[in-house]
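The values are calculated or read from the model by the stated rules, or taken from the named source; none is laboratory data. In this text the structure is predicted, and so the values were computed from the model without any measurement. All Cβ positions, glycine included, derive from the backbone under ideal geometry; neighbour counts span all protein chains shown. For the accessible areas, the whole protein counts, side chains as well, though only heavy atoms, and no ligand, DNA or RNA atoms are used. Shrake-Rupley method; radii C 1.70, N 1.55, O 1.52, S 1.80 Å.
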Amino acid sequence: QVQLVESGGGLVQAGGSLRLSCAASGSVATMRRMSWYRQARGQERELVATITSGNMIDYADSVKGRFTISRDNAKNTVDLQMNSLKPEDTAVYYCYAQTYYYTSMWGQGTQVTVSS
């Protein structure tokens with residue numbers, strides 16, 4: 001089973017940027033899809049961005065135009081570039097991978113805090 005490890009979270013002021021990275025122990029190119037989710041305190045986990053094996057990309061409406069997901073097959077990483085951050089982006093961000101057998105894998109999460 002592929003292990004996922006997120007990094008890059010932290011504290012940033014509103015309007016700032018952060019880049020999250022998800023390092024996989026196996027090949028991300030073989031995954032049906034790779035995604036970033038987030039969960040704010042007291043709220044349900046929500047899908048933020050997805051990139052499929054065919055390089056189709058989709059974003060939650062709340063982050064469109066501000067966040068960019070990318071995948072590096074050579075490094076087995078999936079990154080999330082977050083610009084123009086808002087306090088409402090504060091959450092724990094999770095990396096997610098789904099295989100072609102629909103097996104799901106999650107990272108441990110990384111905290112992003114945006115101060116106003």
Dipole magnitude (debye, nearest 20) for the chain, charges at Cβ of Lys, Arg, Asp, Glu: 100
What residue among ALA23, ALA91, ALA74 has the largest mean-square fluctuation in a Gaussian network model of the chain, using Cα springs under 10 Å? ALA74
Of all DSSP beta bridges having both residues in the chain, the percent classed as antiparallel (nearest 5) is 90
Which of the GluC sites (Glu not before Pro) found in the stretch 7-116 are loop residues per DSSP with 14 or fewer other Cβ atoms within 10 Å of their Cβ? GLU44
Return the single residue from LEU47, LEU11, LEU20 with maximal mean-square fluctuation; model: Gaussian network over the chain, springs between Cα atoms under 10 Å. LEU11
Between SER7, LEU18, GLY54, whose Cα lies farthest towards the positive end of the dipole of the chain when Lys and Arg beta carbons carry +1 and Asp and Glu beta carbons carry -1, centred on the Cα centre? GLY54
Accessible carbon and sulfur surface of the chain relative to its total accessible area, %, 1.4 Å: 47
Rounded to whole Å and ordered largest first, report the semi-axes of the equivalent ellipsoid of the stretch 1-76 derived from its Cα gyration tensor (root of 5λ). 22, 15, 13
proj_area_mean for the stretch 24-112 (convex hull on C-alpha atoms), units nm², value 5.8
For the chain, the per residue accessible area (1.4 Å probe, Å²) is 53
Stretched out fully, how many nm does the piece from ARG32 to LYS75 gain, at 0.36 nm a residue minus the Cα gap? 13.8 nm
Connecting every pair of Cα atoms under 10 Å apart in the chain and solving the GNM, the largest mean-square fluctuation among ARG32, ARG19, ARG41 falls on ARG41
Using each residue's phi in the stretch 65-80, evaluate 6.51 cos²θ - 1.76 cosθ + 1.60 at θ = phi - 60° and report the 3J(HN,Hα) Karplus result to the nearest Hz, with x for Gly and Pro. x, 10, 10, 9, 9, 8, 10, 10, 5, 6, 9, 6, 10, 10, 10, 10
